[in-house]
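Let me begin by presenting the structure, written as structure tokens, before commenting on it.
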Amino acid sequence: MSEATMDQVEARVVDALESFGAERSDISRDATFEALDIDSIDLVELAQLVKDEFGVEIQGRDLADVKTVGDALDIIEARMGAA
Amino acid sequence: MARVSGSTDAAAGTALVTGASRGIGAAVAHALAAEGRPVAVNYRTDREGADAVVAAIGEAGGSARAFGADVSDAAAVDAMFTEVEAWAGPVLVLVNNAGKRADELFPSMSLAQFDEVLDLNLRGPYLCIHRALMPMIRARHGRIVNVSSVGAARCLPGQANYAASKAGLEALTRTVAIETARRGVTVNAIVPGFVATELTRDVGEAFHAAVPARRAGTAEEVAACVRFLASDAAAYVTGTTLVVDGGLSAALLPVHRLA
């Protein structure tokens with residue numbers, strides 16, 4: 001799991017956000033979760049998914065204050081680097 | 001946007017019923033198993049009772065297995081869920097039924113008496129819901145039914161601990177319901193009145209006169225309502241309470257004194 005690249009993680013995050021109901025064409029690093037209608041429970045689920053599939057130690061509360069997709073990816077990348 | 005699964009198989013997922021070795025829990029286990037759903041029969045001490053429930057479900061053509069765990073023990077709850085999942089797949093129906101009373105007039109109620117009731121009646125559902133919820137969210141389908149009591153809102157002397165636990169359980173029910181509603185997870189409370197079980201054995205028939213229906217309810221009558229809340233038909237019912245009390249809480253006074 002530790003061999004996963006950030007590109008792979010980003011692709012998975014985009015897939016997850018789409019599965020949560022966001023329009024794929026609206027998903028970008030600058031897109032806000034508010035605009036995508038992604039709520040805080042979705043972010044808890046996203047954190048769980050990233051933890052399960054990539055072994056990145058991240059909790060829902062770690063994403064509690066993020067505003068954009070890029071913010072979330074930056075946190076995930078930082079955690080991957082720390083692992 | 002709602003995030004509800006397209007899959008609406010009525011018997012999808014495993015059901016876990018806490019405190020199912022007797023009384024309302026046993027009746028609920030029977031009712032859910034009758035839908036073709038595997039049912040995990042949780043018990044704390046009454047292994048014999050749980051085994052009898054499992055055997056009766058098997059004889060009726062259903063699938064059930066007994067799982068021992070104290071639901072107020074976090075590690076035991078986690079281990080139980082892991083065992084249930086290994087047996088029959090994710091728990092998509094959770095009925096928090098395990099409960100107890102330890103009545104004492106408040107000036108005499110010890111902290112231990114308060115804690116023992118809150119631990120089983122409120123901490124237990126917290127632990128079980130917490131463990132069950134993420135798989136339900138990820139499945140976009142889940143049914144949680146918490147067994148409350150008319151005692152949550154209308155009190156009897158000596159039940160400060162019990163009433164507080166059930167009122168807390170109803171508040172917890174509403175909160176988790178609104179957090180998870182768009183994901184196909186419903187969370188409701190069933191509110192029994194006087195039901196003829198071991199828990200109410202000491203109440204006695206004298207109280208029946210206060211019930212407009214003039215009798216105690218049966219565990220099966222409560223189980224039928226739980227079965228509805230666990231069904232696909234109840235997909236739009238969440239964050240609410242379903243009172244099953246023969247009219248008890250609707251009456252201002254015992255009706256025989258009025259008519």
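Values as computed for the structure displayed
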{"quantity": "Verdict on B:Ser5 being among the polar types (S, T, N, Q), outside any helix (DSSP H, G or I) and modelled with pLDDT under 95", "calculated": "yes"}
{"quantity": "B:Gly62 open to solvent by 20 Å² or more (accessible area, probe 1.4 Å), without any contact (Cβ under 8 Å) to a residue 40 or more places away in the chain and more than 20 Å from B:Leu120 (Cα to Cα)", "calculated": "yes"}
{"quantity": "Residue match in the stretch B:134-146 (condition: closer than 23 Å to B:Thr180 by Cα, of a type in the set (Val, Ile, Thr) and surrounded by 23 or more Cβ atoms within 10 Å (Cβ to Cβ))", "calculated": "yes"}
{"quantity": "Candidates A:Asp42, A:Asp65, A:Asp71 - the one that is acidic (Asp, Glu) and within 14 Å of another protein chain (Cβ to nearest Cβ)", "calculated": "A:Asp42"}
{"quantity": "Filtered residue count, the stretch A:45-60, keeping only those that are away from every other protein chain (no Cβ under 14 Å) and either part of a helix (DSSP H, G or I) or open to solvent by 20 Å² or more (accessible area, probe 1.4 Å) (or both)", "calculated": "3"}
{"quantity": "Qualifying position, being at pLDDT below 95, of a type in the set (A, V, I, L, M) and closer than 30 Å to B:Ala112 by Cβ, among B:Val195, B:Val222", "calculated": "B:Val195"}
{"quantity": "Extreme residue, nearest to the other protein chains (Cβ to nearest Cβ), among residues of the stretch B:168-180 that are buried (at least 18 other Cβ atoms within 10 Å of the Cβ) and small (Gly, Ala, Ser)", "calculated": "B:Ala177"}
{"quantity": "A:Asp15 being more than 20 Å from B:Met134 (Cβ to Cβ), part of a helix (DSSP H, G or I), open to solvent by 30 Å² or more (accessible area, probe 1.4 Å) and out of contact with any Pro (no Cβ under 8 Å at 6 or more places or on another chain)", "calculated": "no"}
{"quantity": "A:Asp30 away from chain B (no Cβ under 14 Å), open to solvent by 50 Å² or more (accessible area, probe 1.4 Å), touching a helix residue (DSSP H, G or I) at 6+ places or on another chain (Cβ under 7 Å) and farther than 20 Å from B:Ala181 by Cα", "calculated": "yes"}
{"quantity": "Restricting the stretch B:137-167 to residues that are under 14 Å from the mean Cα position of the chain (by Cα) and not hydrophobic (A, V, I, L, M, F, W, C), the residue that is farthest from the other protein chains (Cβ to nearest Cβ)", "calculated": "B:Ser149"}
{"quantity": "Residue tally, condition open to solvent by less than 30 Å² (accessible area, probe 1.4 Å) and either outside any strand (DSSP E or B) or touching a His at 6+ places or on another chain (Cβ under 6 Å) (or both), over the stretch B:215-248", "calculated": "12"}
{"quantity": "Residue list for the stretch B:117-134, filter: touching a Phe, Trp or Tyr at 6+ places or on another chain (Cβ under 9 Å) and either closer than 22 Å to B:Tyr236 by Cα or within 14 Å of chain A (Cβ to nearest Cβ) (or both)", "calculated": "B:Arg131, B:Ala132"}
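Conditions tested, residue by residue: (1) farther than 27 Å from B:Ala219 by Cβ; (2) open to solvent by 20 Å² or more (accessible area, probe 1.4 Å); (3) outside any loop (DSSP other than H, G, I, E, B); (4) in contact with a Lys or Arg (Cβ under 8 Å, 6 or more places away or on another chain).
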position	(1), (2), (3), (4)
B:Ala76	no, yes, yes, no
B:Met80	no, no, yes, no
B:Trp87	no, yes, yes, yes
B:Val93	no, no, yes, yes
B:Asp103	no, yes, no, no
B:Asp119	no, yes, yes, no
B:Arg123	no, yes, yes, no
B:Tyr126	no, yes, yes, no
B:Lys166	no, no, yes, no
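The values are calculated or read from the model by the stated rules, or taken from the named source; none is laboratory data. In this text the structure is predicted, and so the values were computed from the model without any measurement. Quick reminder, even Gly has a Cβ in these numbers, built from the backbone with ideal geometry, and neighbours come from all protein chains shown. Ligands, DNA and RNA are excluded from the accessible area calculation, which covers all protein heavy atoms including side chains. Shrake-Rupley method; radii C 1.70, N 1.55, O 1.52, S 1.80 Å.
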